[in-house]
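A short worksheet on the structure shown next.
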Amino acid sequence: MLGDDIFALERPPLSQSAGAEAPTSEVTLPERKRKRSRKKKPRRQPRYHVVLWDDDDHTYDYVIAMLLEVFGHPVEKGFQLAKEVDTTGRVIVLTTTLEHAELKRDQIHAYGKDDAIAGCQGSMWATIEPVGE
């Protein structure tokens, strides 16, 4: 059949004695396949910060509960982040891919008002920004 000899390795002639060493042949990948496989490195997606902004309409308890529910931050971490947003005006609560950051920002916006504050109008404010800015 046509093409059957493609996979055949070099074999010594039948007349060669059994004790003599057979010539060896090296089977290697074609050069272009090796080069192509070296070039392919997974590229990381750009990273984005989810930034929580301070206001006077939400209690520490609200911020801690929201961070626990939306991000899974334990109470201790939630308290640290609540304290930082209160003292500095903003805090990064998560660094992730753009799509995930947008989801988390939207979840903060949809979380609802703080029932412990009578004049609370709604959820806290959050934005996303590229890492490095």
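Taken together, the values in this text are just the output of simple stated rules run on the coordinates, not laboratory data. As the structure is a computational prediction, the values presented were derived from the model and not from experiment. Here the Cβ positions follow ideal geometry from the backbone for every residue, glycine too, while neighbour counts run over all protein chains shown.
A compact table of results
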item	result
Integer Hz, Karplus 6.51/-1.76/1.60 couplings in order for the range 115-122, x for Gly and Pro	5, 7, 10, 4, x, 5, 8, x
Cut-off 12 Å between beta-carbons: net charge of the residues surrounding Cys120, Lys and Arg +1, Asp and Glu -1	-4
Inter-label distance, nm, simple model (7 Å from Cα along the C-beta direction), Asp61/Asp106	3.1
Surrounding net charge for Gly78, when Lys and Arg each add one and Asp and Glu each subtract one, Cβ distance under 13 Å	-3
Ranked list, fewest to most other Cβ atoms within 10 Å of each Cβ, for Ile108, Ile128	Ile128, Ile108
Per-pair calculated FRET efficiency, R0 = 22 Å: Arg90 and Glu69 via Cβ, rounded to 0.05	0.60
Residues Leu52, Leu81, Leu98, sorted so that the one with the fewest Cβ neighbours within 10 Å comes first	Leu98, Leu81, Leu52
The range 47-130: C-alpha gyration tensor shape, a/c 1.5 cut-off, then a/b vs b/c	prolate
Residue-wise HN-Hα coupling along the range 45-58, computed from phi with Karplus coefficients 6.51, -1.76, 1.60 (Hz; x: Gly, Pro)	6, x, 9, 9, 8, 9, 10, 9, 9, 6, 8, 9, 9, 9
Packing-based exposure ordering (other Cβ within 10 Å, fewest first) of His58, His73, His109, His100	His109, His100, His73, His58
